[in-house]
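Everything below concerns the one structure shown next.
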Amino acid sequence: MTGITIMVIALVALSAAYLVYGRYLAKKWGINPNAKTPAYEMQDGVDYAPANKGVVFGHQFASIAGAGPINGPIQAAVFGWVPVLLWVLLGGIFFGAVQDFSSMYASVKNKGRSIGYIIEVYIGKLGKKLFLLFCWLFSILVVAAFADIVAKTFNGLNVVDGETVKVAANGSVATTSILFILGAVGLGIFLKKSKCSTTVNTIVAIAILVASIVIGVNVPIYFGLDFWLYFVFIYIFIASVMPVWALLQPRDYLNSFLLIAMMIGSVVGIFVYNPSMNLDAFTSFKVDGSYLFPTLFVTIACGAVSGFHSLVSSGTASKQIKNEKDMLPVSFGAMLLESLLAVIALIAVGAAIALPDGVANTPANIFANAISSFLGKTGLPTGICYTLINLAVSAFALTSLDSVARVGRLSFQEFFLDASIKDEDMGPVRKICTNKFVATAATLLLGFALAKVGYANIWPLFGSANQLLSALALIACAVFLKRTKRQGFMLWGPMVIMLGVTFTALIQKIWSIVKILVNSPADFIIMKDGLQLVFAILLLGLGIMVAVQGISKLLGKTKDVVIEEQSA
């Protein structure tokens, strides 16, 4: 099969899903365009700040569509391109988009609070505590990993055979990223003060984007890895406590243009080049000791369904929704666009096999090599295309990083909040723990320590942890929909399947480590196998406890909850 055929199938399926299924969900759950959203009701200038649909879409899309939808499909392609394509399309439409939309919907209907708060109100306080603790620990792991990744992409000084060598590409990425940050602050002030039309705002944003890239490519800066690691953590601390309108919204708005431009270029390149799918349609149910189930569904998260998305949808984006009508394009639409990116990545790896050194590198470089080759057929210089695509992928790792840092801070704060206690009645300890500076410091200090010690020891469990989040978010949203007399049957299938995927993956991991401990104790490494074993058992236990609480509420008889809505 050719790349054009696969692309047409994906475009038709995803477009139909938005126009038919997305609108069906919005109609069934009920969208009130006259309701006063939390962005206005709770407006504080820090986390709650109403923004135009395009700006919030940019934040949502840039936060969820990092390197995940590129890495996952490329790594999972060992099972063949058909299983990958089916999971991306079916998972993206019926699992991921539904999870993202329901998470944002439930949050907007509950003062913009996170899934943890939803669990407290509709399931119970213990479930909330367990879920938020998990989210916080999950955020720390992601912060450690992404900070290390970003610092390495900025590192312009490599030591080779005892000599320091400058890496121009990394230096350019560093310069461009810093200019993005500074430009985003300027754009945020402009958007807030000018009140210009969407067209003018778009022109200004694109001008800042192009200028940053041009200067970055021509004026690289060179510092070592340690410097950049400190820089990244200082930046995300500031980004986590700054008002969203001043940095988060405009930065993600800028980056969304970069990613969408990359995607448009990729689609055009595919239609011009029409690459062949050089992968087998299907290889085997078992590859290198890993089974198709659950490996495929854990490896491909972003692009199909990812628990992290529920944290963004209910943790940051919901606090910026200006009108309830915006929820469908911002959540459901952004997820489907990310699925399209995953399809592009699949076509890229299918074509890369026939290219020189096409698959002899990291997934990001495989993607950049293939797409730049496609664009070369349009007459564009492949070298420049390769650099810009790598730049786009690197920029989004930083975008996801500052989003997850804010999510971690909010999870820490909400852990100490109680729906029955008013802010003015909180004790001194609770007030300290809910302070945004204290919560941010607690999150980032542990993230920094894990980055220095070595997050890679427990990173293999990230996929299972991420997909467990999706299962728990689906349970919480299903309970919310039931208790508010809304139809939630469309969440039940994805919920059960993701619980099965997660628990199977964790049990397999625990069993494989136990076998090493029993059969080859000399090969058992405490700081690697031991940490993974403890972490896997904690994940499994936590998941079971929250799932049992949620499903018991879902199956049992509960009192209905009436949501009061204010008119705008």
Enumerated helices (runs of 4 or more DSSP H) restricted to segment 247-366, each holding at least 1 residues that are over 15 Å from the mean Cα position of the chain (by Cα)
248-273, 292-299, 334-352
Those residues that are under 14 Å from Ile384 (Cα atoms) and in contact (Cβ under 8 Å) with a residue 60 or more places away in the chain, I need them from segment 210-225; list them, please.
Ile213, Gly216, Val217
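Would you call Val244 closer than 17 Å to Leu398 by Cβ, of a type in the set (Val, Ile, Thr) and either touching a helix residue (DSSP H, G or I) at 6+ places or on another chain (Cβ under 7 Å) or crowded, with 24+ Cβ neighbours inside 10 Å (or both)?
Numbers: closer than 17 Å to Leu398 by Cβ: yes; of a type in the set (Val, Ile, Thr): yes; either touching a helix residue (DSSP H, G or I) at 6+ places or on another chain (Cβ under 7 Å) or crowded, with 24+ Cβ neighbours inside 10 Å (or both): yes.
Judged against the criteria, Val244 is a match.
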Note on Ala456: of the conditions (1) in a helix (DSSP H, G or I); (2) loosely packed, with under 15 Cβ neighbours inside 10 Å; (3) touching an Asp or Glu at 6+ places or on another chain (Cβ under 8 Å), unmet is (3)
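Just one of Ala522, Ala473, Ala478 is more than 22 Å from the chain's Cα centre (by Cα) and either hydrophobic (A, V, I, L, M, F, W, C) or farther than 16 Å from Tyr122 by Cβ (or both); which is it?
Details: Ala473 fails: more than 22 Å from the chain's Cα centre (by Cα); Ala478 fails: more than 22 Å from the chain's Cα centre (by Cα).
The match here is Ala522.
For (1) in contact with a helix residue (DSSP H, G or I) (Cβ under 6 Å, 6 or more places away or on another chain); (2) part of a helix (DSSP H, G or I), each residue gets a yes or a no:
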position	(1), (2)
Ala397	yes, yes
Glu414	yes, yes
Ile421	no, no
Lys431	no, yes
Leu445	no, yes
Pro460	no, yes
So Thr382 ticks every box in (1) hydroxyl-bearing (Ser, Thr, Tyr); (2) under 27 Å from the mean Cα position of the chain (by Cα); (3) closer than 24 Å to Ser172 by Cβ but one. Which box is left unticked?
(2)
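Mind checking which helices (runs of 4 or more DSSP H) fall wholly inside segment 89-173 and carry at least 2 residues that are within 22 Å of the chain's Cα centre (by Cα), surrounded by fewer than 24 Cβ atoms within 10 Å (Cβ to Cβ) and of a type in the set (Ser, Thr, Tyr)? Before you say what the answer is, go through the steps one by one.
Working: elements: 97-108, 115-122, 125-154.
So the answer is none; nothing clears 2.
Got a sec? Which helices (runs of 4 or more DSSP H) wholly within segment 1-65 have at least 2 residues that are without any contact (Cβ under 8 Å) to a residue 24 or more places away in the chain and closer than 30 Å to Ala281 by Cα? Steps first, answer last, please.
On the way: elements: 3-16, 23-29, 38-41, 53-64.
Output list reads 3-16.
Condition check ((1) touching a strand residue (DSSP E or B) at 6+ places or on another chain (Cβ under 8 Å); (2) surrounded by fewer than 17 Cβ atoms within 10 Å (Cβ to Cβ); (3) at pLDDT below 90) across all residues:
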site	(1), (2), (3)
Leu445	no, yes, no
Leu474	no, no, no
Val479	no, no, no
Lys485	no, yes, no
Gly488	no, no, no
Leu491	no, no, no
Gly530	no, yes, yes
Phe535	no, no, yes
Leu538	no, yes, yes
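Could you list all residues from segment 193-215 that are of a type outside the set (S, T, N, Q), closer than 13 Å to Asn52 by Cβ and surrounded by fewer than 16 Cβ atoms within 10 Å (Cβ to Cβ)?
As a first pass, look at segment 193-215 and keep what is of a type outside the set (S, T, N, Q): 193, 195-196, 200, 203-211, 213-215.
So of that shortlist, the ones also closer than 13 Å to Asn52 by Cβ come out as 195-196, 200, 205.
Within segment 193-215, Lys195, Cys196, Val200 meet the criteria.
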Which condition number does Asn52 fail, the rest of (1) of a type outside the set (Val, Ile, Thr); (2) crowded, with 23+ Cβ neighbours inside 10 Å; (3) in contact with a helix residue (DSSP H, G or I) (Cβ under 7 Å, 6 or more places away or on another chain) being met?
(2)
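Those residues that are in a helix (DSSP H, G or I), under 17 Å from Val185 (Cβ atoms) and touching a residue at least 24 places away in the same chain (Cβ under 8 Å), I need them from segment 233-246; list them, please. Break it down into steps so the answer makes sense when it comes.
Our first condition is that a residue be in a helix (DSSP H, G or I); within segment 233-246, this holds for 233-241.
Of the ones still in play, those that are also under 17 Å from Val185 (Cβ atoms) are 234-241.
Tyr235, Ile236, Phe237, Ala239, Ser240, Val241 - these are the residues of segment 233-246 that are in a helix (DSSP H, G or I), under 17 Å from Val185 (Cβ atoms) and touching a residue at least 24 places away in the same chain (Cβ under 8 Å).
Yes/no per residue for (1) farther than 19 Å from Val548 by Cα; (2) in contact with a Ser or Thr (Cβ under 9 Å, 6 or more places away or on another chain); (3) basic (Lys, Arg); (4) touching a residue at least 24 places away in the same chain (Cβ under 8 Å):
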site: Thr443; (1), (2), (3), (4): yes, yes, no, yes
site: Ala471; (1), (2), (3), (4): no, yes, no, yes
site: Val479; (1), (2), (3), (4): no, yes, no, yes
site: Arg483; (1), (2), (3), (4): no, yes, yes, yes
site: Arg486; (1), (2), (3), (4): yes, no, yes, yes
site: Ser512; (1), (2), (3), (4): yes, no, no, no
site: Phe524; (1), (2), (3), (4): yes, no, no, no
site: Met527; (1), (2), (3), (4): yes, no, no, yes
site: Leu531; (1), (2), (3), (4): yes, no, no, yes
Run down Ile507, Ile497 and say which single residue is touching a residue at least 24 places away in the same chain (Cβ under 8 Å), closer than 18 Å to Ala97 by Cα and either assigned to a helix (DSSP H, G or I) or not β-branched (Val, Ile, Thr) (or both).
Ile497
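The values are calculated or read from the model by the stated rules, or taken from the named source; none is laboratory data. All figures in this text were calculated on a predicted structure; none of them were measured in a lab. Cβ coordinates were reconstructed from backbone atoms using ideal geometry, including for glycine residues, and neighbour counts include every protein chain displayed.
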